[in-house]
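The values are calculated or read from the model by the stated rules, or taken from the named source; none is laboratory data. Keep in mind that what you see is a predicted model, and the values were worked out from it rather than measured. For neighbour counting, all protein chains shown are included, and Cβ atoms are generated from backbone atoms with ideal geometry for every residue, glycine included. With ligands, DNA and RNA removed, areas are computed over all heavy atoms of the protein, side chains included. Shrake-Rupley method; radii C 1.70, N 1.55, O 1.52, S 1.80 Å.
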Amino acid sequence: MKYVQQVRGKWIVRITVPPELRDIIGQRELVESDLPSDAKTRERLAHGIINRFFARIDEARLMIDARKSAPSVTLSMAAKSYYANAIATDEQVRATMPTIAEIDAEKERALDRLAAEQRSTGHTSVSVINATTDFELKAGARHFYQNSRTKRLAALRSSFRTGDTRWIEPAVKQYVDANHRHLQRDTQEWRALADALTRSEIEALERTLERDRGDFSGRPSDPLLTAPDPESGLVQTVGGRSGGLTLTEALAAFHDERTAGGSTLAPKTMEEHRNAVRMFNEFMGADVAVGSISKKNVIDYKQALLKTPNRYTMRFPGLTLPQAIKANAKLAEPIPTLAPKTINMKWLSHLSSILQWASNNDHADTNPAREVRVDTGSKVHREPSYLPFSKNELKKIFGSPIFADPKAYGLNQWALLVMLYTGVRNSSEMARMQLANIYAEQTIPVFYLADASKNQRSKRLVPIHDDLVRLGFLDHVERLRTAGETLLFPQWAKRPDKVNDWFNNTFLVNISLKSKQKVFYSFRHTLATELARAGVPREVSKMISGHAPQDIASVYIHATPITMMADALNKVKFELPIPGL
């Protein structure tokens, strides 16, 4: 296989870098060593490595072309990245500044230390300094930070008059090293980069001083920072991790919280989270700080996902997401791209969940992925997937002979009634309902849907409607307990679609109500509709259905406003034609 060689008993992939690209790549050769001895495995791995190496060479050529055709664009991108990192660093520093309470507490400790010194040896200049240093540092932290930025701003401004570049030289070196540029100091290109980064930091410092005065409306005006981004997608970065917690680190912390205290997160979901982070970082070209991710970054990423070939890591092994997009576009018959639904439900949704955690935990100001979705058509103008049953349809369903004798009710009858009066999300949620989770809360009989799996709001209390009590539901529960059962629907647990299959494909057909939009799930919509008709406030209705938390500490059931929900639920009158109602 071309580019695969055996050297001193070891298999390697070696590709020579063209001379004109070596300054960009920083190497004469691209080499991957220690390939396996098994020919089939070696060839499969080598294919991905070779793809990755040639993609890197192609990117280097694009960078050369961009520098030749538009050096100002390269400077603009460097300036924008430096500006963004400077702003993010300022936000991080502000977040760690001592609070008034911390300063007051330190003051009290200083006074206590001075009093102790006075009682023991008396005050000396050294003892006073030792006792008050921490207080003075905390009390003066904000002033010192502001003063240092004011002085640096003045020094950077004067550098254009004096030609002194020492203030910006560390940033220039960092940029040159990160981007594998071989610039000689004080050459025309080096000075152009130094000027661009100086202008960028001046703008950033001006914004931070405006924020000291409570003005957060400032925007950069320097042409380098307002110029449109190039379409080539080449993004230069400066400072990498200086903005704080990276996206990969945020994911690890997010997973730690979601699995703490015995909580679980499906391995498949966790793997999708990791893939979502990897894909976004591939698009950005680095493991970016969550505080530096903008909404425009996420929107641009969404547009890239629309061009991303399905299963690109398998179709284009060794290539990153942007590289796979370019490789796919070159094919005579490009591979189909990701479906909008997959983009929304997986990659953008998972990214948003992680960034929301970062925002909630003060690692970012906002969640830039919030509400960023591929437009698949407005739901406002679509027919709903499922419709509620009308009052006449309910009478036809529950007027069936199988509901004539409540004392003889079994699985099917109680399942339909519980679904109607609770608005349970789905059949699997009902099939898992445990008898231990049916009890009295504040004297009101309730279902505690502890095993609901969709999200925390799904784990909720739902009052048992008075109609169910009149029909003998609680007596039915007691008979099951006496028989040693643990589940409300033991026959249903082994096959979660048992009842809804029967209802949708047999029962509704027999009573001539079969419809794509009128199904078992329609009971949930029916309850929501009747709650609205009964004048129940929207937020109370959402608490009953699990679309909103039942209080600010929803995991503590004793704080749940159960009486309010019971009163609201019992306002619903279905007027079912069942004896005893």
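Laid out as a table, the results:
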| item | result |
| --- | --- |
| Residue check for Ser242: of a type in the set (Gly, Ala, Ser), surrounded by 14 or more Cβ atoms within 10 Å (Cβ to Cβ) and modelled with pLDDT under 85 | yes |
| The stretch 148-177 - residue that is in contact with a Gly (Cβ under 9 Å, 6 or more places away or on another chain) and of a type outside the set (A, V, I, L, M) and, of those, farthest from Leu197 (Cα to Cα) | Gln174 |
| Which numbered condition Ser390 misses (of (1) surrounded by fewer than 19 Cβ atoms within 10 Å (Cβ to Cβ); (2) in contact with a Leu (Cβ under 8 Å, 6 or more places away or on another chain)) | (2) |
| Flag for Thr342 being within 20 Å of the chain's Cα centre (by Cα) and not in a loop (DSSP other than H, G, I, E, B) | yes |
| Among (1) open to solvent by less than 10 Å² (accessible area, probe 1.4 Å); (2) assigned to a helix (DSSP H, G or I); (3) modelled with pLDDT of 90 or more - the single one Asp467 does not satisfy | (1) |
| Among the residues listed as Arg44, Arg28, the single one being more than 21 Å from Pro322 (Cα to Cα) and either exposed (fewer than 12 other Cβ atoms within 10 Å of the Cβ) or modelled with pLDDT under 80 (or both) | Arg28 |
| Hey, Ser353 free of Cβ contacts under 8 Å to residues at least 40 places away in the same chain, out of contact with any Leu (no Cβ under 6 Å at 6 or more places or on another chain) and under 28 Å from Glu249 (Cα atoms) or not | no |
| Any hit, the stretch 295-306, residues being farther than 14 Å from Val372 by Cβ and either at pLDDT below 90 or open to solvent by less than 50 Å² (accessible area, probe 1.4 Å) (or both) | no |
| Matching helices (runs of 4 or more DSSP H) fully within the stretch 284-335 where at least 3 residues are under 13 Å from Asn51 (Cα atoms) | 312-315, 321-329 |
| Hey, Leu348 within 21 Å of Ala84 (Cα to Cα), in a helix (DSSP H, G or I), of a type in the set (A, V, I, L, M) and under 16 Å from the mean Cα position of the chain (by Cα) or not | no |
| Of all residues in the stretch 1-40 being among the acidic types (Asp, Glu) and assigned to a strand (DSSP E or B), the one that is farthest from the chain's Cα centre (by Cα) | Glu29 |
| Selection status of Lys295, farther than 16 Å from Asn367 by Cα and basic (Lys, Arg) | no |
| Single residue of the stretch 104-133 satisfying the filter (open to solvent by less than 30 Å² (accessible area, probe 1.4 Å) and assigned to a helix (DSSP H, G or I)) that is modelled with the highest pLDDT | Glu106 |
| Test for Leu265: is it surrounded by 15 or more Cβ atoms within 10 Å (Cβ to Cβ) and modelled with pLDDT under 80 | no |
| Those residues of the stretch 424-450 which are part of a strand (DSSP E or B) and either open to solvent by less than 10 Å² (accessible area, probe 1.4 Å) or of a type in the set (A, V, I, L, M) (or both), in sequence order | Ile438, Ala440, Ile444, Val446, Phe447 |
| Subset tally (residues that are in contact (Cβ under 8 Å) with a residue 40 or more places away in the chain, loosely packed, with under 14 Cβ neighbours inside 10 Å and of a type in the set (Val, Ile, Thr)) for the stretch 491-539 | 1 |
